[in-house]
Amino acid sequence: MKLCFLTLALASVLAVGTAYANTYDVRPEVRTFIDEMVAEEGFSKDQLANIFSEARYKQSIIDAISRPAERVLTWKEYQDIFLTEKRVRDGRQFLLDNHRALIAARETYGVPPVVVAAIIGVETMYGQNRGNYRVIDALSTLAFDYPPRSKFFRGELKHFLMLTREEGQSPLSPLGSYAGAMGYGQFIPSSYRHYAIDFDGDGRRDIWENRTDAIGSVANYLAEHGWQLDGPVAVEVSPSVAAQSLFGNTLKPEVSLSELVQHGVASDSSDENALVSPLRFEGKRGSEFWIGFQNFYVITRYNHSKLYAMAVFQLSQRLQDPEYATRR
């Protein structure tokens, strides 16, 4: 009886292992996806079947996406990751090394070099950590084995296959994050197709290896999402206890600055009709109250997190290196 139980248990374990070992091309939902790509986008059925026969399920991807830093950390903890001395030091070097491209991006798109650098610094430590997952594995895992967002990632998988076809790449080669984000600026495939640009004019938009293209693409992304030239990003304020209830987590600017002023919140802005986001953060010295302007909201279009946007903003402030500033 015990031997029979152990045999059944072993068979169960092997069955689970075999299920994950099976390649994606044999699964019915993947075959349906392939048929859709053939009918709607003109792909070769055999080619896609071969691609998905090489794609692999990664449990570590499911684990990572289930606990993103933006959901599990407070601002006090989050800033310890992204506002380190090393990230500032490396960022200043990035500014110097890529001065011409950053200035060209500012002149073309109106986005300050320090903001572009801060985005790339938060995303990939200036290209040092661009991701080690094959994008095909990440997107296949999330599209077919992560029900909470399977629809979204099937869309990104579709964009990825179309992107690699457009760029003449094998879908099995590109590396990225656990969520399928790619290159210096960690563009997901749909963002890559819509906002990546060939900023150096060599005939190819390459944000994986080409820093000039990556810089131009990040600036283009922010500009396309409404970046305001020379506009403010965020300012810290000290509201009265009564006014603190106005501050929360809403990212979209929906409160007029004049309303905050009426509640005793001091502001240096000359445009009291501007719509802003009153935001509250739990930092190292307790509660922090900030007014986020349009440009703060634009940063959240890159990553829909107030922690992310604040890290980018504060990193950009720390990158104001005097030596670099004299060259602007």
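In the stretch 59-81, how many residues are buried (at least 18 other Cβ atoms within 10 Å of the Cβ) and either in contact with a Ser or Thr (Cβ under 6 Å, 6 or more places away or on another chain) or within 18 Å of Asp145 (Cβ to Cβ) (or both)?
The total comes to 2.
Is it the case, given these coordinates, that Val88 is under 18 Å from Tyr308 (Cβ atoms) and within 19 Å of the chain's Cα centre (by Cα)?
no
For the list (1) over 19 Å from Ile299 (Cβ atoms); (2) in contact with a Gly (Cβ under 9 Å, 6 or more places away or on another chain), I need the number of the one condition that Ile119 fails.
(1) is the only condition that Ile119 fails.
Just to verify a result, which residue in the stretch 250-265, among those that are under 18 Å from Thr300 (Cβ atoms) and either touching a residue at least 24 places away in the same chain (Cβ under 8 Å) or aromatic (Phe, Trp, Tyr) (or both), is surrounded by the most Cβ atoms within 10 Å (Cβ to Cβ)?
My answer is Pro253.
Restricting the search to the stretch 56-67, which residues are among the hydroxyl-bearing types (Ser, Thr, Tyr) and part of a helix (DSSP H, G or I)?
Once the filter is applied, which keeps residues that are among the hydroxyl-bearing types (Ser, Thr, Tyr) and part of a helix (DSSP H, G or I), the stretch 56-67 yields only Ser60.
Have a look at Ser240, Ser245 and point out the one that is modelled with pLDDT under 95, under 28 Å from Ser277 (Cβ atoms) and touching a Gly at 6+ places or on another chain (Cβ under 6 Å).
Ser240
If you check Ser53 against the conditions, is it of a type outside the set (Val, Ile, Thr), in contact (Cβ under 8 Å) with a residue 60 or more places away in the chain, assigned to a helix (DSSP H, G or I) and under 29 Å from Leu157 (Cα atoms)?
For Ser53, the condition - of a type outside the set (Val, Ile, Thr), in contact (Cβ under 8 Å) with a residue 60 or more places away in the chain, assigned to a helix (DSSP H, G or I) and under 29 Å from Leu157 (Cα atoms) - is not met.
Tell me, which helices (runs of 4 or more DSSP H) lie completely within the stretch 177-285 with 3 or more residues that are under 21 Å from Leu95 (Cα atoms)?
Output list reads 211-224.
From the residues in the stretch 132-148 that are touching a residue at least 40 places away in the same chain (Cβ under 8 Å) and surrounded by fewer than 21 Cβ atoms within 10 Å (Cβ to Cβ), which one is nearest to Pro28 (Cα to Cα)?
So the residue we want is Phe144.
Does any residue of the stretch 266-275 turn out to be buried (at least 18 other Cβ atoms within 10 Å of the Cβ) and in contact with a Phe, Trp or Tyr (Cβ under 6 Å, 6 or more places away or on another chain)?
No, every residue in the stretch 266-275 fails to be buried (at least 18 other Cβ atoms within 10 Å of the Cβ) and in contact with a Phe, Trp or Tyr (Cβ under 6 Å, 6 or more places away or on another chain).
In the list Gln294, Gln314, Gln262, which residue meets the criterion of being at pLDDT below 90 and out of contact with any His (no Cβ under 9 Å at 6 or more places or on another chain)?
Every option except Gln262 fails the conditions.
Of (1) farther than 25 Å from Ala196 by Cα; (2) in contact with a Phe, Trp or Tyr (Cβ under 9 Å, 6 or more places away or on another chain); (3) small (Gly, Ala, Ser), Gly286 satisfies all except one. Which?
(2)
If the requirement is being within 25 Å of Asn295 (Cα to Cα), at pLDDT 95 or above and either in contact with a helix residue (DSSP H, G or I) (Cβ under 9 Å, 6 or more places away or on another chain) or among the hydroxyl-bearing types (Ser, Thr, Tyr) (or both), which of these qualifies: Ile103, Ile62?
Just one listed residue meets the conditions, Ile103.
Which one is nearest to Leu307 (Cα to Cα), of the residues in the stretch 231-249 that are in contact (Cβ under 8 Å) with a residue 24 or more places away in the chain and exposed (fewer than 14 other Cβ atoms within 10 Å of the Cβ)?
Asn249
Considering every residue within the stretch 37-58, establish whether at least one is surrounded by 11 or more Cβ atoms within 10 Å (Cβ to Cβ) and at pLDDT below 95.
Within the stretch 37-58 (the criterion being surrounded by 11 or more Cβ atoms within 10 Å (Cβ to Cβ) and at pLDDT below 95), the answer is no, since none of the residues qualifies.
For Ser12, state whether it is at pLDDT below 95, outside any loop (DSSP other than H, G, I, E, B), hydroxyl-bearing (Ser, Thr, Tyr) and out of contact with any Pro (no Cβ under 8 Å at 6 or more places or on another chain).
Criteria met by Ser12.
Residues in the stretch 93-110 that are within 14 Å of Gln317 (Cα to Cα) and surrounded by fewer than 20 Cβ atoms within 10 Å (Cβ to Cβ): how many?
Counting residues in the stretch 93-110 that are within 14 Å of Gln317 (Cα to Cα) and surrounded by fewer than 20 Cβ atoms within 10 Å (Cβ to Cβ) gives 0.
The values are calculated or read from the model by the stated rules, or taken from the named source; none is laboratory data. On a predicted model such as this, the values are computed, not experimentally measured, just so you know. Neighbour counts run over all protein chains shown; Cβ positions are idealised from the backbone, glycine included.
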